[in-house]
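Visitor: Supplied in structure tokens, the structure appears directly below.
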Amino acid sequence: MVEEKVESKKTLLVGASPNPSRYAFVAAKMLAERNFDFIPIGIKKGEVFGKEIIDLRTKPQLQGIHTITLYIGPSHQGEWMDYLIALNPKRIIFNPGAENPDFYRKAKSAGIEVVHACNLVMLSTDQF
């Protein structure tokens, strides 16, 4: 039996990295293991779990994004905020180290749920 992807929560993993010591890599692994559909995007080149990392600098037009999970710090978020909000996700998860009150306000005013939590814990405890 082939498992179907969990389409209802297509996740954009921002700050994706092919480096196994990075939390974004661990998140990609957990999403893949739990059969969530995810798109890795960042400035690092490479692949994670069979998916090529999309270059964030190209600001690709993506459809059907339910969740954005951030693995980039606030000092690197500024130029991407408007782009990520324009993707119209249902929620943005600000992982530890990604906290950004300005981004929270912009997202909330656009009707996006803001979650300050650890994506790894959410996945581990079935709260994703």
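Quick note: the coordinates plus some simple rules give every number you see, no bench work behind them. Small disclaimer: the values here were computed from a predicted structure and weren't measured. With ideal geometry, Cβ positions are generated from the backbone for all residues, glycine too; neighbour counts draw on all protein chains shown.
Visitor: Over the chain, with a Gaussian network built from C-alpha contacts below 10 Å, which listed residue (Leu12, Leu62, Leu31) shows the highest mean-square fluctuation?
Guide: Looking only at Leu12, Leu62, Leu31, the largest GNM fluctuation is found for Leu62.
Visitor: What whole number of Å gives the distance from the Cα centroid of the range 12-31 to the Cα centroid of the range 102-128?
Guide: Centre-to-centre (Cα) distance: 17 Å.
Visitor: Relative to the longest principal Cα axis of the chain, at what angle does helix 23-33 sit, 0 to 90 degrees, rounded to 10?
Guide: 50
Visitor: In straight Cα distance, which lysines are under 17 Å from Lys108, not counting same-chain residues fewer than 8 positions off?
Guide: Lys90
Visitor: Hey, another quick one. Give a quick list of trypsin sites (Lys or Arg not before Pro) in the range 72-120 that DSSP marks as loop, anything other than H, G, I, E or B, with at most 16 other Cβ atoms within 10 Å. Walk me through the numbers on the way to the answer.
Guide: Values: sites: Lys90, Arg91, Arg105, Lys106, Lys108; in loops: Lys90.
Here the sparse-neighbourhood loop sites are Lys90.
Visitor: Suppose each label sits 7 Å from its Cα in the direction of the beta carbon; what would the Asn88-Asp126 distance come out to in nanometres?
Guide: My value for the distance between the label points is 3.3 nm.
Visitor: Of all DSSP beta bridges located in the range 26-128, what percent are antiparallel, nearest 5? Intermediate results must be reported in sequence, preceding the final value.
Guide: Numbers: 2 of 12 bridges.
Here the share of antiparallel DSSP bridges comes out near 15 percent.
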